[in-house]
Amino acid sequence: MIKTVLFDKDGTLFDFRATWGGWAASFLLELSSDDQAKAAQMAESVGFDLRDRSFEEDSVLIGGTPGDIVRQLLPYVPGVSAAGLVSRMNMMAASAPQCEAAPLLPLLAGLRDRGLSLGVITNDARAPAMAHLRAAGIAGLFDGVIGSDCGFGQKPGPGQILAYLEKTGADPSETVMVGDAPHDMMAARAAGCHRVGVLTGPSTRQQLAPLASAVLPDISALPGWLDRMEDARHNAA
């Protein structure tokens, strides 16, 4: 029986392309003082097409932490410290308008009404993640939000998930991680959790299916999957 649902943020709760394509272009142009050639070089270094506002499959902007992204960009902004650039990026990211992958408030409230514990496990920093959840009016529905800067590592490592399980006392066999990327699935598998992939991020069904217990179009299909899991449990009893 599933009792805990953990969500990735970008590409899962919020549609990745609709949210971050425009933001990445704006951030790089601002960082380059609107020097198009320099911005294009910076974009290439992080796996982003500035003209099309699209992401390469292995772009650090997809699965990397703020620190990972800054390490790629720092050579293009001499005189700026890594900590300063991380702070600047987090501030801009916190104010980025988010496009919900599905109407979040009724969906998450419905999951809470089922008695489920909800959490967020993200490779984003915690402060911008909390800003996005508050802006969507859903921050209070989560029992914990763990970012890559919370001291438990980052996905695909299981440290963030294990920290959440330890904090809440949740059983990994009764926990599902919902995410849009292979690193979400790998982290959940290493932690002993169920895994559900969604297609509202850059990854394809073919990339997620070998790693996931199920692949859904988006998180609006999650209640139906939970019902099927419960039916299968009763039928097996």
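Taking the DSSP bridge list for the chain and keeping only pairs wholly inside it, about 15 percent are antiparallel. Once the Cβ-Cβ distance of THR168 and ALA190 is raised to the sixth power relative to R0 = 25 Å, the FRET efficiency obtained is 0.85. A protection proxy built from the mean count of other Cβ atoms within 10 Å ranks the segments 157-169, 72-84, most packed first, as 157-169, 72-84. Modelled label positions at ARG205 and ASP58, each set 7 Å beyond Cα in the direction of Cβ, lie 2.6 nm from each other. Taking GluC sites (Glu not before Pro) across the range 27-84, the ones in a DSSP loop with at most 12 further Cβ atoms lying within 10 angstrom of their Cβ are GLU57. A full extension of the chain between HIS234 and ALA221 corresponds to an added length of 2.6 nm, given 0.36 nm per residue minus the alpha carbon distance. Backbone N atoms of the range 82-105 closer than 16 Å to the 7 Å Cα→Cβ label point of LYS38 belong to residues 85.
Work out, step by step, the length gained on full extension between ARG17 and LYS3: first 0.36 nm times the residue separation, then minus their alpha carbon distance; give nm to one decimal. Numbers along the way, then the final one.
On the way: separation 14, 0.36 × 14 = 5.04 nm, distance 3.03 nm.
Taking ARG17 through LYS3 to full extension adds about 2.0 nm, to one decimal.
GNM remark for the chain: springs join alpha carbons under 10 Å apart, and the peak mean-square fluctuation among THR122, THR204, THR12 falls on THR204.
Select one label from (1) 27, 20, 18; (2) 33, 17, 16; (3) 22, 21, 16: the one whose number is semi-axes √(5λ) of the Cα gyration tensor in Å as derived from the coordinates shown. Matching the structure shown: (2).
FYI, it's all coordinate maths here, none of it is from the lab. Here the structure is a predicted model, which means the values were calculated and not measured. Using ideal geometry, Cβ is built from the backbone for each residue, glycine included, and neighbour counts are taken over all protein chains shown.
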